[in-house]
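Novice: Dropping the structure in here first, questions after.
The values are calculated or read from the model by the stated rules, or taken from the named source; none is laboratory data. Keep in mind it's a predicted model, so treat the numbers as computed, not measured. Methodologically, a virtual Cβ is constructed for each residue, glycine included, from the backbone with ideal geometry; neighbour enumeration extends over all protein chains shown. Heads up: the accessible areas ignore ligands, DNA and RNA and are worked out on the full protein's heavy atoms, side chains in. Shrake-Rupley method; radii C 1.70, N 1.55, O 1.52, S 1.80 Å.
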Amino acid sequence: MARGNFSRVTEFILLGLSDTWELQLLFFTLFLLAYAMVLLGNLLIIVTVRTDPKLSSPMYFLLCNLSFIDICCTSVTAPRVLVALLSGRKAIAFEGCMAQLFFLHFVGSSEMFLLTVMAFDRYTAICRPLHYTAIMARGACWALVAACWAGGFLHSIVQTLLTLQLPFCGPNTIHSYFCDVPPVVRLACTDTALTAWLMASNSGLISLGCFLVLVASYALILATVRARLSQGHRKALSTCASHLVVVTLFFVPCIFTYLRPSGTFPSDKYVCVIYTILSPVMNPLIYTLRSNEVKESMWRLWRCCRA
């Protein structure tokens with residue numbers, strides 16, 4: 001059908017997670033605590049890494065960038081969700097919805113690429129220690145981070161343009177607490193089968209591909225340290241195991257959400273909570289509590305602040 005036959009939708013209605021006031025208050029409290037933990041935890045990591053010269057290795061440089069991305073990723077959805085839960089206002093302007101969709105995929109896909117780079121960094125450090133300094137030089141780290149952001153932007157602009165070219169004439173109710181590609185595309189007043197497949201092959205395959213690369217890198221690390229029983233390699237293996245748990249929490253819900261070209265489940269909006277809220281909360285905990293160097297640097301920073 002021609003786009004001119006429709007009256008353009010000017011706003012969408014985000015139904016959120018629940019219509020019950022008691023549950024909304026509970027979700028508000030949980031989201032507020034989670035968002036505060038994301039901001040404080042990741043800002044502490046950034047300040048600690050930036051102020052301590054001892055944390056100048058590529059691993060901590062990448063960790064600092066991951067913390068910044070986590071803050072951006074959560075800030076795309078959490079503030080508006082908190083306002084909506086407290087005020088009860090569920091409407092979002094069409095332009096605001098598209099902006100949220102763009103920035104969510106921009107920082108989300110950038111984080112996927114960065115986590116893949118971090119896994120490569122750990123593989124190089126453990127499996128090729130003699131070449132680590134040359135491979136992960138400062139310039140190479142900057143280039144890899146820039147490539148992550150560029151890849152995220154390219155992915156996001158494709159998703160956003162595919163969504164913008166669709167006609168929206170109603171209904172305008174989104175069964176989620178933020179604007180994302182799958183629920184928004186289902187509201188289009190046209191056949192979206194091809195668009196849905198294109199988007200699934202974009203977001204879904206990126207999620208799946210990065211996750212498989214991550215799993216492969218950790219499998220190679222496991223194969224390398226299997227025969228080495230030194231305390232250092234045991235610690236490396238334990239650290240990689242905790243990292244793999246965190247990235248699994250991030251990637252598996254994304255694969256579940258984006259690799260399906262059509263159809264929806266009532267649990268979809270709850271699955272989204274895992275990679276938009278829970279994963280950013282877990283990252284600073286796992287990546288700092290497993291590192292004695294970071295903990296010691298934080299104590300030194302705390303003592304300097306109190307002095």
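Novice: Taking the criterion of being among the hydroxyl-bearing types (Ser, Thr, Tyr), at pLDDT below 85 and buried (at least 16 other Cβ atoms within 10 Å of the Cβ), would at least one residue in the stretch 228-238 satisfy it?
Specialist: Within the stretch 228-238, none of the residues are among the hydroxyl-bearing types (Ser, Thr, Tyr), at pLDDT below 85 and buried (at least 16 other Cβ atoms within 10 Å of the Cβ).
Novice: Okay, moving on. When you check SER110 against the structure, is it buried (at least 17 other Cβ atoms within 10 Å of the Cβ), touching a strand residue (DSSP E or B) at 6+ places or on another chain (Cβ under 7 Å) and closer than 26 Å to VAL252 by Cβ, yes or no?
Specialist: Criteria not met by SER110.
Novice: Of everything in the stretch 139-178 that's of a type in the set (S, T, N, Q) and closer than 30 Å to LEU62 by Cα, which residue is surrounded by the fewest Cβ atoms within 10 Å (Cβ to Cβ)?
Specialist: THR160
Novice: With the requirement that a residue be among the small types (Gly, Ala, Ser) and part of a loop (DSSP other than H, G, I, E, B), what does the stretch 76-105 give you?
Specialist: Listed by number, the list holds a single entry, GLY88.
Novice: Another question, then. Could you list, ordered by first residue, the pairs with Cβ atoms under 6 Å in which the first is in the stretch 278-307 and open to solvent by 50 Å² or more (accessible area, probe 1.4 Å) and the second is modelled with pLDDT under 75, at least 6 apart or interchain?
Specialist: Pairs that qualify, where the first residue is open to solvent by 50 Å² or more (accessible area, probe 1.4 Å) and the partner is modelled with pLDDT under 75, are ARG290/THR239; ARG290/SER242.
Novice: Which residues, taken from the stretch 191-202, are surrounded by 15 or more Cβ atoms within 10 Å (Cβ to Cβ) and assigned to a loop (DSSP other than H, G, I, E, B)?
Specialist: THR192, the sole residue that qualifies.
Novice: Could you identify the single residue in VAL76, VAL49, VAL81 that is open to solvent by less than 20 Å² (accessible area, probe 1.4 Å), under 19 Å from ILE174 (Cβ atoms) and touching a Phe, Trp or Tyr at 6+ places or on another chain (Cβ under 9 Å)?
Specialist: Residue meeting the stated conditions: VAL81.
Novice: Taking the condition of being open to solvent by less than 50 Å² (accessible area, probe 1.4 Å) and more than 18 Å from THR257 (Cα to Cα), how many residues in the stretch 179-190 meet it?
Specialist: Residues flagged as open to solvent by less than 50 Å² (accessible area, probe 1.4 Å) and more than 18 Å from THR257 (Cα to Cα) within the stretch 179-190 amount to 2.
Novice: Kindly establish whether GLY41 is in contact with a helix residue (DSSP H, G or I) (Cβ under 7 Å, 6 or more places away or on another chain) and part of a loop (DSSP other than H, G, I, E, B).
Specialist: It is false that GLY41 is in contact with a helix residue (DSSP H, G or I) (Cβ under 7 Å, 6 or more places away or on another chain) and part of a loop (DSSP other than H, G, I, E, B).
Novice: Testing HIS105 on (1) modelled with pLDDT of 95 or more; (2) surrounded by 13 or more Cβ atoms within 10 Å (Cβ to Cβ), one condition comes back false. Which one is that?
Specialist: (1)
Novice: Are any residues in the stretch 52-73 open to solvent by 30 Å² or more (accessible area, probe 1.4 Å) and at pLDDT below 90, and if so, which ones?
Specialist: PRO53, LYS54, SER56, SER57, MET59
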